[in-house]
Amino acid sequence: MKNIIIILNLLLAVQLSAQKVKTSGEWLMGENKGKSFVLAPNEYMDLYLGTVEAYNAGDVEREISFYEAAFGAENREFTTNWHASIEKVTNTPAVILPVRLKGSKEAMVLTWSNEDRLWKNGSSQKMSLMEVYAFDENKKINGFSQWYRIDPDNEFGRPIGGKFFGETETDYTGRPLVFSNRGEVEILEQLMKDYNDMNAEAFIKVFAEGAVIEGFEGEVTPISMEMMNAYFDTLTSVSWKPYAIVPLKIYDTDPASGVTVFSREVRTSKDGSVWEKDLVENFYFNVDGKIDRVIQYSRNLTQK
């Protein structure tokens, strides 16, 4: 009996303590810094569920009807194109939390959900979402933010995949690959422009000291301004156009990366001869973001 009384007293204390909690949390930056949160009415939860129902049905007009006018106009084209590309989408809410800053007439709905997408091109996608819907004083959505976690069984869109083997087995063997994003694509696009302009001085700026090109015939050529000037002196024009640029690095390693470039190159010599091939080239960027090695493969064009 004594234990029961103690438990009841504890439960009563917790309940009374909870009743005293009027606000919670804090906004930590910007003009709202220092303001705390209170729960908003469940009406906002119902409004959010209405948008989910319209979204799952692919009903653009009904979905936009929940938006503030300017926000709806701004997002109409995107929303229309999005649903036009989707065969079926199913968003399943797991948690819905309507809140507002203390003293504000605006509200936010914080949500956790799972979403399955079947695209009209046949691809499928699974993810978990965290989203924030901002509602104005008229209870219309005027802002939206989204964060996602890719499902491990997702068919596409994963930030990690593939496998690195290496010429010899190392500690990196077997690790997956990730996309690198240190400006490699922009550097190579500029490199192609400088090459097509036959500007040796600009071309060599992105290469590390001692960088080499390993050509498709097995030759290894150090890169220098003198070499590039001599090379361009034999040509009247060059045209190097990419098909694709793919920057990758080994997962959980230093920032050095390898970029595979698929392209077509045409060289017109001063003697009138024309050299034209499809190329696959690997550009290796060192930890300083400079290219220190290029390996080149070529394919003769199919005769028509």
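Spread over its residues, the convex hull of the C-alpha atoms of the stretch 57-119 is 94 Å³ per residue.
Beyond 29 Å in Cα-Cα separation lie the following of the pairs Lys193/Lys290; Lys33/Lys126; Lys120/Lys241; Lys126/Lys193; Lys249/Lys277: Lys33/Lys126; Lys120/Lys241; Lys126/Lys193.
Of the trypsin sites (Lys or Arg not before Pro) found in the stretch 103-138, the ones in coil according to DSSP and having at most 15 other Cβ atoms within 10 Å of their Cβ are Lys105, Lys120.
Helical runs assigned H by DSSP (4 residues or longer) give the chain a calculated mean residue ellipticity at 222 nm of -8500 deg cm²/dmol, each run adding -39500 (n - 2.57) before division by the residue total. Convex hull volume of the Cα atoms of the stretch 115-180, normalised per residue: 150 Å³.
Restricting to DSSP loop positions (anything but H, G, I, E, B) with no more than 13 other Cβ atoms inside 10 Å of their own Cβ, which trypsin sites (Lys or Arg not before Pro) remain in the stretch 22-63? Within the stretch 22-63, the qualifying trypsin sites (Lys or Arg not before Pro) (loop, at most 13 other Cβ atoms within 10 Å) are Lys22, Lys33. Work out which chymotrypsin sites (Phe, Trp or Tyr not before Pro) in the chain are exposed loop sites (DSSP not H, G, I, E or B, at most 13 other Cβ within 10 Å) and give the longest gap free of them. With chymotrypsin sites (Phe, Trp or Tyr not before Pro) excluded where exposed in loops, the chain gives 1-155 as its longest stretch.
Backbone phi angles across the stretch 45-59, fed through the Karplus curve with coefficients 6.51, -1.76 and 1.60 (θ = phi - 60°), yield HN-Hα couplings of 5, 5, 5, 4, 4, x, 5, 5, 4, 5, 4, 5, 7, x, 8 Hz in residue order; Gly and Pro are listed as x.
Note on the stretch 22-150: the C-alpha convex hull projects to 8.4 nm² when averaged across all orientations.
For the pair the stretch 93-116 and the stretch 198-228, the centres of their Cα atoms are 56 angstrom apart. Note on Lys35: lysines with a C-alpha under 30 Å away, same-chain residues under 8 apart excluded, are Lys20, Lys22, Lys102, Lys105, Lys139, Lys140. The longest stretch of the chain left intact once loop-based GluC sites (Glu not before Pro) with at most 11 other Cβ atoms within 10 Å are removed from consideration, loops following DSSP, is 1-136. When only the Cβ of Lys, Arg, Asp and Glu is charged (+1, +1, -1, -1), the dipole of the chain relative to its Cα centre reaches about 1360 debye.
Using the Cβ-Cβ distance between Glu155 and Asn286 with R0 set to 45 Å, the FRET efficiency works out to roughly 0.85. Towards the positive end of the charge dipole of the chain, with charges on Cβ (+1 Lys, Arg; -1 Asp, Glu), say which of Thr260, Met227, Phe135 has the farthest Cα. My answer, from the dipole projection, is Phe135. If only the Cβ of Lys and Arg carry +1 and only the Cβ of Asp and Glu carry -1, the dipole of the stretch 177-300 around its Cα centre is close to 320 debye. Based on the reciprocal of the average 1/r between different C-alpha atoms, the Kirkwood radius for the stretch 177-300 equals 15.0 Å. Ordered from longest to shortest, the equivalent ellipsoid semi-axes for the chain are 57, 25, 20 Å, each the square root of 5 times a Cα gyration tensor eigenvalue. Length, then width, then depth: along the principal axes, the Cα atoms of the stretch 28-84 run 43, 25, 17 Å. Using only Cα atoms and rounding to the nearest 10 degrees, what angle (0 to 90) does helix 184-196 make with the longest principal axis of the chain? The helix 184-196 is inclined about 30 degrees to the chain. Close amide-amide hydrogen proximity is noted between Lys35 and Trp27, each under 5 Å apart and 5 or more residues distant or on a separate chain (H modeled in the peptide plane; Pro and chain starts excluded).
Computed from the coordinates by the stated procedures, all read-outs in this text should not be read as laboratory data. All of these numbers come straight from a predicted model, not from anything done at the bench. For neighbour counting, all protein chains shown are included, and Cβ atoms are generated from backbone atoms with ideal geometry for every residue, glycine included.
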